Amino acid sequence: MKNAVGREIPEEIIEITGKEPFQGNYYRDDKPITLHGPTIRPVMNNQKSKLVGSIREALEKCEAHDGMTVSFHHHFREGDLIVNMVMKEISALVPMIEDGTITNIESSGVRGGIGEAISKGKLKGLAIMRSHGGRVRSIATGESHIDIAFIGAPTADDYGNLRGIGGKADCGVLSYAIVDGNHADHCVAITDCLVPYPNFPAHISQTKVDYVCVVDEIGIPSKIATGAAKPTTDQRKLLMAQYCTDVVVNTPWFKDGFSYQTGVGGASIASTQYLADIMRERNIRMGFGVGGLTKAMCKLLEDGMADVMLDVQDFDLDAVKSLKNVNHHRIPAAVYANPLNKGAVVNKLDYVVLASLEVDVHFNCNVVVGSDGMITGAQGGHPDTAQGAKCAIVICPLLQGRIPAICTDVTTVTTPGESIDVVVTDYGVAVNPARPDILKALKEADCVPLRTIEELRDIAYSIVGEPDKVEFEDRIVGIIEARDGTIMDVVRQIKEV
Amino acid sequence: MSNPNKYRLRRTMMFLNCQKPSLIKDPYVYKPDSIMLDLEDAVAEREKDAARYSLYHALQEIDYRGVERVVRINGLDTNLWREDIRCAVAGGCDSIRIPKTETADDVRTVEYAIAEAEREFNRPEGSVLIMAALESARGVINAMSICDSSERLFGIALSGGDYSKDLQVPISGTGVEFMGARQHMVIAARAAKVQCFDTVWTNLDDMEGFRRETEIIHSMGFDGKSIVNPRQIPVVHEIYTPSEKSVIFAEKVIKEIDTKKAQGIGVFTVDGKMIDIAFYDGAKRTIALAKASGVYKGDL
């Protein structure tokens, strides 16, 4: 059957997964749900040590067996050594997909070899791609039951108090792992920096952790939090950043106390810098900034131009350092973006600035599947923040090389058009017709070249032509889950020529 | 033979290397008035034919959305320039830029080749304009005769790099070494009623210096500046944007002259200033600049 974004969701998929097709952003608003509790083994005996000598010993103590679900966080980003360390009993991760050790993957998206393996149909089961908020939701509701959570911790004490800061693999926060600690049956902390008890204030408490395993190295620091990205000199990105800032400062929510989230890309960072200039000029302060944070955002806090930063992830060392500021707060992913709690931070956002691989004339975005059909990206907080923010802006160059990024239908819908308000391209800015208020404000301000989304698509097609549709096999290899757990779209196996 | 584009607005002329298709595919998004598609210095010797190939197809296929397409050919001392002209004219370029122009004969030699190419590729006679880059002391001294050399010539441009080498001085950043050339060229261009363009500013890290230099050449009377990076465009356009006061005045002047002319009155006053027909072109130019800068929404 067709879902609310017009995507065909086969009956068999609905049957196998027990999920419903996507029915609009507010489908599950105010509907009662029951949360899931883990089955745990209390530690009453004060003689018992939580320290284990190896990951293998931890696995044995957790009674690891066939059919279990294990979980990891991604705070160590490209520098993560935990996933392969845990899985290496057999070999590296990709061959494990091929040999069937790993049958299912649930993630906010995957890149590189894993994405390719899934797209080529090498995973036995279905890959489920979720947003950051969707991951918390699925764990908290028990839809994804975690048997063993492996939590890489930059510092830990012998009784399982974990902190994201300090040590050799400093990542600043453990926000995405908190839900794993709360809902997994077993929880194994892995650290390369054991500190004296009590490691307080703990970001994940001893009351959640079964075992602590000390290893030589949990991450590669230079690949976890890089030095602040050098400001981009790419004129196209700067042009789009300027348009984006013009949109922000000419819409009604840009006033004292406004809230803002942006990403880590060159255009996003440049846009934040342009915004800072105008905030200074007009003497406007940011109430709060949120997100994966970068130097550009933390500098607003440091310069006294923002009141509070809410932090779920640190992209550079400056963001990690900024945690010393008393107004820079760590928040769990659940607080950040879980759609099925009693209201997440994203609901309080005025603006979010996002990127996208493709945007179609219905304003649907695709941030996961490349225009060649290969799984190549991650939803991250895209669907969460886009839905939550009053004004969700997507920056997207009209052409990605020879591929039109503004198109009639995206390859895969990952964020529904009803969440997206403004699309900024190098050829002009399109406002979702569902937002006449924004269109009116931008028309009155006469600040950016306004186009309809169809005009942008037509320009793109006039330059590079309309590409043939990517050919897929019938087999479905993955599901794009909406924030609320319904099915936004399916991903099929790519046809290999 | 009168080409309506001869006196078009040319505040910014952005240099683009034809060897790099990614650069020439859509520079109009940055809204320069003109682009200069380079077949000369930016293109490696062994890539000259590939650059011509890219240029031809870009000119044929890409809608540059009203941005003027000037092609810089290789120097007349090479064996490349004739084929450059054939390729540019066949592609549909608007103008040819002659590098290292030293004499009026240089312009006439190119004009002849352009006319031939226009016939060969069935383009209307005179549809391709010419601009001459003066890059040597001799070229600058001959500015007047170069400006007068051809009906197709819309302007001259100072090329600072080669010119300073010829003067045997380094580029100081203060503009002192260009003072004489700039003044001389503007006067010659105005005398011949053609346009005059300033040289590039290459230090992209010194945007303040760039702004300062642009303000100077603007007040000297230059029609525009050659640029090497899109980020220089808004600075030039901002400096060339007429003030609100001057736009209001220009509008009054044009309207009054039109009305008074119909009534047979030659001299009158606007805001207490004596005005006659001599002010007409200047006022028109102010309104054209204001329109291009997006600050004039009137009915002229």
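General observations
- Length, then width, then depth: along the principal axes, the Cα atoms of the protein assembly as shown run 106, 60, 56 Å.
- With all pairs of separate Cα atoms included, the range A:374-442 yields a Kirkwood hydrodynamic radius of 13.1 Å.
- Calculated FRET value between B:Leu204 and B:Ala44, using beta carbons and R₀ = 25 Å, to 0.05: 0.70
- Sorting the segments A:28-36, A:445-453 by their mean number of nearby beta carbons within 10 angstrom, highest to lowest, gives A:445-453, A:28-36.
- ³J(HN,Hα) computed for each position of the range B:277-290 - Karplus, 6.51 cos²θ - 1.76 cosθ + 1.60, integer Hz, glycine/proline x: 4, 4, 7, 4, 4, x, 5, 4, 5, 4, 5, 4, 5, 5
- Database remark: amide H of A:Thr452 closer than 5 angstrom to no amide H (H placed geometrically; neighbours at sequence offset of 5 or more, or on other chains; Pro and chain starts carry no H).
- Listed peptides A:388-400, A:214-226 appear in the order A:388-400, A:214-226 once ranked by packing, highest mean of other Cβ atoms within 10 Å at the front.
- The range A:41-160: proportion of alpha-carbon pairs further apart than 17 angstrom, %: 64 percent
- Assigned charges on the beta-carbon of Lys, Arg, Asp, Glu; the range B:42-149 dipole about Cα centre (debye): 160 debye
- Semi-axis lengths (Å, descending) of the ellipsoid that matches the C-alpha gyration tensor of the range A:346-497: 26, 20, 10
- Largest-first principal axis extents of the Cα set of the range A:270-394 (Å): 44, 33, 28
- Residues whose amide H lies under 5 Å from that of A:Thr262, counting only those 5 or more places away or on a different chain, are A:Val290, A:Val353; hydrogens are built 1.01 Å from N in the peptide plane.
- Annotation for the range A:436-475: GluC sites (Glu not before Pro) lying in DSSP loop with at most 16 further Cβ atoms inside 10 Å of their Cβ are A:Glu471.
- Diagonalising the gyration tensor over the Cα atoms of chain B and scaling each eigenvalue by 5 before taking the square root yields semi-axes of 33, 22, 20 Å, largest first.
- Hz values of 3J(HN,Hα) by residue in the range B:208-215 - Karplus curve (6.51, -1.76, 1.60), Gly and Pro given as x: 5, x, 4, 4, 4, 5, 5, 4
- Computed 3J(HN,Hα) for the range A:487-493, one whole-Hz value per residue from the Karplus formula 6.51 cos²θ - 1.76 cosθ + 1.60 where θ = phi - 60°, is 9, 7, 6, 10, 10, 9, 5, glycine and proline marked x.
- Taking amide hydrogens as placed 1.01 Å from N in the peptide plane, the amide H of A:Gly152 sits under 5 Å from those of A:His73, A:Ile190, each at least 5 positions away in sequence or on another chain.
- Distance between the pseudo-spin-label points of B:Lys20 and A:Lys443 (7 Å out from Cα toward the beta carbon): 4.0 nm.
- Rounded to the nearest 20 debye, dipole of the protein assembly as shown from Cβ charges on Lys, Arg, Asp, Glu: 1620 debye
- Charge tally around B:Ala250: other residues with Cβ under 13 Å, Lys/Arg +1 each, Asp/Glu -1 each, net +1.
Since every read-out is calculated from the coordinates, none of them should be taken as a lab result. All values reported here derive from a predicted model rather than from experimental measurement. Cβ atoms come from the backbone with ideal geometry, glycine included; neighbour counts cover every protein chain shown.
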